[in-house]
Every structure is written in structure tokens, then in C-alpha cells.
Amino acid sequence: MFTGIIKDIGIIKNIRSSGDGLEIEIRSEKICSDAKPDDSVAVNGVCLTITKTDGSFFTVQSVRESISRTNIGLLKKGDYVNLEPALRPSDRLGGHIVQGHIDGKGEVIRTVANKMGREFWISADPDVMKYIVAKGSVCLDGVSLTVAEKKPGSFRVAVIPHTEKNTTVREWNNSRNINIETDIIGRYIENFLKTDDSGLTIEKLTELGY
């Protein structure tokens, strides 16, 4: 489990094919200072397992499913990635509940600068957009953000200067591919309503205060 609060920006040292997947070496002294093999780490929001550590570098492997669903397959040597180690029971939940399971990729279609940072419009497929809720949480490339506005086929998020400076958001521009993880609570509710035959409906949930 993660929170969407980025702990470091890593640099891709090397990427190699490994079977039908990829083996990725990432430089991050901060992550390596407290990491060991079998630990989980979110790389651009994708939950991966550390297989090796070597001083200031660690290695993860990505399987075909993750490569097809995320922007991991687009990474190249020298690229920057957002990193977050798995949440400890004693840690503060500063963002929101994040699994590191990407629902799909989005694309930055518009950026707007303002005095409080920047705003981004992100387009996404309908199967992702149905879980996007105005004022709700969304995780973009591992960064926990709030949906400021939703329109058919796209949504807007606002990023403060601190977040932009300390994540790869500083490199986001039009046409950039972004990993999207929607709020897990909405997905569980949808699945429950599809399989439940007790008469529970969205209207009933609203009546109960959910």
C-alpha cells in the first residue's frame, strides 16, 4: 500500500529485456538507504518489487501486463521517475489509499500556469473516466492529487509549486503519457453493486450517507 506522497525522484540507470518483461536499474540514494530485496516500491505509481540493491542503485522487474498498461515501457536511460516505498503501519496517510495498480494511461492535453502553480487537463478512456469524481482523489504517475474539475473524456488537477518541484510533474507537458490509478473505494462499490442482490443501490448508499 502507498499514499501517493513521493519520497524521491529516481534516475533510470539502465533498462534490459528480461524474458517478456523488463529489468530496470534506478538510482536513488534515499530509497536505497532503507531498502532491501523483496521490498515494494512504487515507480511512477506502479507497484514493483526490488530484486537487488547496490549502494545508490536498486533493480526492479516489470512484467508484460504492467508494461502494456503503464508508461513503464516508454522509459529510457536517463529518465526521471517518481518513487515511493511501501507504507509502514506507523506512517502518516498524507495522501490517499493507493495500491500501485494502474487502471490505465492518460495524456496531458493542456497545461495552465498560475500564481499557485500549474493546472493540467488529462484525457483518459471511458473505462477510466467513469471512476473520476470531481473533488475526489486520483493518483497520477504516483502523485496523489485532487480532481478539480471533470468533463466528458478529461479532468483537471491543480499542482502546487512544492509538488511540482519535488516530483516529475515539473517535466509534464502536452502529449505526455501519465499513469492513472483511480480511487479504489469507487471500484469496490461498483463491484459490490454489480454482484449484490440485496436491493442495495446508489440511492440507498446516498441515503445512508455514503
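The values are calculated or read from the model by the stated rules, or taken from the named source; none is laboratory data. Everything numeric here is computed off the predicted structure, so don't read it as measured data. Every residue, glycine among them, receives a Cβ derived from its backbone with ideal geometry; neighbour counts consider all protein chains shown.
Name the single residue that is farthest from Lys105 (Cα to Cα) among those in segment 165-189 being among the aliphatic types (A, V, I, L, M) and either outside any strand (DSSP E or B) or out of contact with any Asp or Glu (no Cβ under 6 Å at 6 or more places or on another chain) (or both). Show your work before the answer.
Residues of segment 165-189 among the aliphatic types (A, V, I, L, M): 169, 178, 180, 184-185, 189.
Going one step further and asking which of them are either outside any strand (DSSP E or B) or out of contact with any Asp or Glu (no Cβ under 6 Å at 6 or more places or on another chain) (or both), we end up with 169, 184-185, 189.
Values: Val169: 15, Ile184: 16, Ile185: 20, Ile189: 22 Å.
Ranking the candidates gives Ile189 first.
Which of the residues spanning segment 57-90 are assigned to a strand (DSSP E or B) and under 15 Å from Val143 (Cα atoms)?
Restricting attention to segment 57-90, the residues satisfying the condition of being assigned to a strand (DSSP E or B) are 57-62, 80-85.
The answer is Tyr80, Val81, Asn82, Leu83, Glu84, Pro85.
So which residues in segment 151-186 are of a type in the set (Asp, Glu), buried (at least 16 other Cβ atoms within 10 Å of the Cβ) and in contact (Cβ under 8 Å) with a residue 60 or more places away in the chain, if there are any at all?
Going residue by residue through segment 151-186, those that are of a type in the set (Asp, Glu) are 164, 171, 181, 183.
This time we only want the ones that are buried (at least 16 other Cβ atoms within 10 Å of the Cβ), so: 164, 181, 183.
Of everything in segment 151-186, those that are of a type in the set (Asp, Glu), buried (at least 16 other Cβ atoms within 10 Å of the Cβ) and in contact (Cβ under 8 Å) with a residue 60 or more places away in the chain turn out to be Glu181, Asp183.
Considering (1) over 27 Å from Ile189 (Cα atoms); (2) touching a residue at least 60 places away in the same chain (Cβ under 8 Å), say which one Lys105 fails and leave the rest.
(1)
For segment 16-56, which positions are touching a residue at least 40 places away in the same chain (Cβ under 8 Å), in a loop (DSSP other than H, G, I, E, B) and over 18 Å from Thr70 (Cα atoms)?
Of everything in segment 16-56, those that are touching a residue at least 40 places away in the same chain (Cβ under 8 Å), in a loop (DSSP other than H, G, I, E, B) and over 18 Å from Thr70 (Cα atoms) turn out to be Ser28, Asp34, Ala35, Asp39.
So, in segment 91-112, how many residues would count as being within 22 Å of Ile6 (Cα to Cα) and assigned to a strand (DSSP E or B)?
We begin by selecting, within segment 91-112, every residue within 22 Å of Ile6 (Cα to Cα); these are 91-108, 111.
With the extra rule that they be assigned to a strand (DSSP E or B), the set shrinks to 98, 104-108, 111.
Qualifying residue count, segment 91-112: 7.
Which condition number in (1) surrounded by 15 or more Cβ atoms within 10 Å (Cβ to Cβ); (2) within 23 Å of Leu145 (Cβ to Cβ) is the one that Leu74 fails?
Unmet for Leu74, out of (1) surrounded by 15 or more Cβ atoms within 10 Å (Cβ to Cβ); (2) within 23 Å of Leu145 (Cβ to Cβ): (1).
In segment 64-79, how many residues are under 17 Å from the mean Cα position of the chain (by Cα) and touching a residue at least 12 places away in the same chain (Cβ under 8 Å)? Reasoning before the result, please.
Filtering segment 64-79 for residues under 17 Å from the mean Cα position of the chain (by Cα) gives 65-75, 79.
Remaining after also requiring touching a residue at least 12 places away in the same chain (Cβ under 8 Å): 66-67, 69-75, 79.
Summing the residues that are under 17 Å from the mean Cα position of the chain (by Cα) and touching a residue at least 12 places away in the same chain (Cβ under 8 Å) in segment 64-79 gives 10.
Spot the failing condition for Ile12; the list is (1) closer than 17 Å to Thr70 by Cα; (2) buried (at least 18 other Cβ atoms within 10 Å of the Cβ); (3) among the aliphatic types (A, V, I, L, M); (4) out of contact with any Ser or Thr (no Cβ under 8 Å at 6 or more places or on another chain), and only one is missed.
With respect to (1) closer than 17 Å to Thr70 by Cα; (2) buried (at least 18 other Cβ atoms within 10 Å of the Cβ); (3) among the aliphatic types (A, V, I, L, M); (4) out of contact with any Ser or Thr (no Cβ under 8 Å at 6 or more places or on another chain), Ile12 is out only on (2).
With the structure loaded, tell me whether Gly117 is within 21 Å of Ile9 (Cβ to Cβ), free of Cβ contacts under 8 Å to residues at least 60 places away in the same chain and of a type in the set (Gly, Ala, Ser) or whether it fails that test. I'd like the intermediate steps shown before the answer.
On the way: within 21 Å of Ile9 (Cβ to Cβ): yes; free of Cβ contacts under 8 Å to residues at least 60 places away in the same chain: yes; of a type in the set (Gly, Ala, Ser): yes.
So Gly117 fits the description; yes.
Conditions (1) among the basic types (Lys, Arg); (2) over 16 Å from Thr70 (Cα atoms); (3) touching a Cys at 6+ places or on another chain (Cβ under 7 Å); (4) crowded, with 22+ Cβ neighbours inside 10 Å, marked per residue:
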site: Lys105; (1), (2), (3), (4): yes, no, no, no
site: Asp125; (1), (2), (3), (4): no, no, no, no
site: Val133; (1), (2), (3), (4): no, yes, no, no
site: Glu149; (1), (2), (3), (4): no, yes, no, no
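Going residue by residue through segment 179-196, is there one that turns out to be farther than 21 Å from Ile12 by Cα, among the aromatic types (Phe, Trp, Tyr) and modelled with pLDDT under 95?
Keep residues of segment 179-196 that are farther than 21 Å from Ile12 by Cα, which gives 181-196.
Still in the list and also among the aromatic types (Phe, Trp, Tyr): 188, 192.
Okay, now just the ones that are also modelled with pLDDT under 95, so 188, 192.
The answer is yes, given that some residue of segment 179-196 is farther than 21 Å from Ile12 by Cα, among the aromatic types (Phe, Trp, Tyr) and modelled with pLDDT under 95.
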